[in-house]
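Each remark here refers to the structure printed beneath this line.
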Amino acid sequence: MRRPRSLALSLAAAVIAAGAALFAVSPASAATPSATFTKVSDWGSGWQGQYTITNGGTAALTSWKVEFDLPGGTSAGSYWDALLTTSGAHHTFTNREYNGRIPAGGSVTFGFVGSGPGAPAGCKLNGVSCSGGVTPTTPTTPPPSPPPTTTPPPSGTTPVAKNGQLRVCGRQLCNAQGRAIQLRGMSTHGLQWYSSCVTDTSLNVLANEWNADVVRLSMYIQEGGYETDPAGFTAKVNDYIEKATARGMYAIVDWHMLSPGDPNVNLSRAKTFFTAIAARHKNKTNILYEIANEPSDVHWSSIKSYADQLIPVIRAQDPDGVVLVGTEDWSSLGASGDGQGVSRILANPVNASNIMYTFHFYAASHDDYYLTTFRDAVAKLPMFVTEFGTQQATGDGPNDFTQAQKYLDLMAQNRVSWVNWNYSDDMRSGAVFTEGTCAAGAYSGTARLKPAGAWIRDRIRTPDDF
């Protein structure tokens, strides 16, 4: 359920710390700019690489270009904090608008996902050796790659069978093979009101007719939700996770805090709930944890403090699950407030890896100012749109499909995953089914869909690029 507000994005370029460097360029001169490559993690069929550009000179660099070759059988996939052009085996990374200037003594990093066993060779920084002009020493033979850190996903056709355990690679959501992917799906309405719309029949339709990759399980905390029956709602969420798992869909466990807007009010409850959920489902590969739906009327520092306390509780049970962190002003990344939410996150990110920040938008309320904020965030932070609608921020009113498509096009271009609000027969225009559909159990086909339902169904059904 929405309240008027704006959107924006969220953040945190979380780097996977899955092992020591497996390959590094030779030491750089202290007197000139240099670039050093490190394999941050390796899962057998692929790896995550990072370049650190250090300005050892006396004047600031105003731009940078790193180029290298990859051997046969090795290619570069998703990347972040740089722009990439490729010509055969030759790869050229240049700075983004926000990280081109490197003061004397300063450094910047960019990263990418590699597929195959090789590593960069013949590196040049701004046309000269990446070692800063020093004659490279012969690198020692790297140790053998460790065994994959994840079990290859099982064969099959479902989203989970194809992708397995997800992880955050730089700013992207990546599958078990290290490939950046985009998930698309639906959010339930509040489970205390519309659990009758989340049945075996409706989930079969969502998984098999709509071809959804993910379902978001929206469990309100107040408003007649979790606080009224913690054991009952925990059991309900457990049951829906099992149903999503049986259908090969990813499940977002949504701690749907709305009012009060300070997530710290419910920190103790959140620790209890997420401990129980993560302990039970830690061996599954399809769980994502959304720990704060829409914080409001609190500064980013309070949201970060909440996340820094709660994430270790989840990690103690499930070290691999992706965690989704809400942002300022109803998860608009501050766009509904002073518009500075992205910069505050960049200056003070959540102290954890394998996380993404959330952005929510409602197309009829959130104009190009919000879209621009979102675009800026996508370029700098790992983002996941865990809620959006084609109508007003109340979840009601006329649809603005043109504006909504602008957001979807941006998300498709950058492989930002999204979930639409909502999979119910609520009377508002944002509910996909007409009133009475859930009581009738008539989910199949398009006859019982509202205009927003028909529109979003078509976009979820577009073939995945896994």
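The values are calculated or read from the model by the stated rules, or taken from the named source; none is laboratory data. Because the structure is predicted, anything quoted here is derived from the model rather than measured. A quick note on method: Cβ atoms are made from the backbone with ideal geometry, for glycine too, and the neighbour counts reach across all protein chains shown. We work out accessible area using only protein heavy atoms, side chains counted, and drop any ligands, DNA or RNA first. Shrake-Rupley method; radii C 1.70, N 1.55, O 1.52, S 1.80 Å.
Quick rundown of the values:
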quantity: Of the criteria (1) surrounded by 17 or more Cβ atoms within 10 Å (Cβ to Cβ); (2) at negative phi, which one S301 fails; calculated: (1)
quantity: Of residues in the range 401-451 being basic (K, R) and assigned to a loop (DSSP other than H, G, I, E, B), the one least open to solvent (accessible area, probe 1.4 Å); calculated: K450
quantity: Residue pairs meeting the criteria (Cβ under 7 Å; at least 6 apart or on separate chains; first touching a residue at least 24 places away in the same chain (Cβ under 8 Å), in the range 92-115; second acidic (D, E) and in a loop (DSSP other than H, G, I, E, B)); calculated: R96/D81; T109/D81; F110/D81; G111/D81
quantity: Exclusive hit being open to solvent by 20 Å² or more (accessible area, probe 1.4 Å), part of a strand (DSSP E or B) and hydrophobic (A, V, I, L, M, F, W, C), set A59, A76; calculated: A76
quantity: The range 232-256: number of residues that are touching a residue at least 40 places away in the same chain (Cβ under 8 Å) and buried (at least 17 other Cβ atoms within 10 Å of the Cβ); calculated: 16
quantity: Residues satisfying the stated conditions in the range 165-209, i.e. buried (at least 23 other Cβ atoms within 10 Å of the Cβ), aliphatic (A, V, I, L, M) and in a loop (DSSP other than H, G, I, E, B); calculated: L166, L183, V198
quantity: For K162: the one exception among (1) of a type outside the set (A, V, I, L, M); (2) within 31 Å of the chain's Cα centre (by Cα); (3) at pLDDT 90 or above; (4) in a strand (DSSP E or B); calculated: (4)
quantity: Near pairs, Cβ below 8 angstrom, 6+ apart or cross-chain, from the range 453-466 (surrounded by 13 or more Cβ atoms within 10 Å (Cβ to Cβ)) to any residue that is among the aromatic types (F, W, Y) and assigned to a helix (DSSP H, G or I); calculated: W455/F401
quantity: Test: residue in the range 214-221 that is surrounded by fewer than 20 Cβ atoms within 10 Å (Cβ to Cβ), touching a residue at least 60 places away in the same chain (Cβ under 8 Å), touching a helix residue (DSSP H, G or I) at 6+ places or on another chain (Cβ under 7 Å) and farther than 19 Å from T272 by Cβ; calculated: no
quantity: Residue list for the range 112-136, restricted to those being assigned to a loop (DSSP other than H, G, I, E, B), open to solvent by 60 Å² or more (accessible area, probe 1.4 Å) and modelled with pLDDT of 85 or more; calculated: P117, N126
quantity: Meets criteria (under 28 Å from T86 (Cα atoms), assigned to a loop (DSSP other than H, G, I, E, B), open to solvent by 50 Å² or more (accessible area, probe 1.4 Å) and at pLDDT below 85) for T141; calculated: yes
quantity: Residue among A244, A292, A251, A212 that alone is among the small types (G, A, S), in a helix (DSSP H, G or I) and at negative phi; calculated: A244
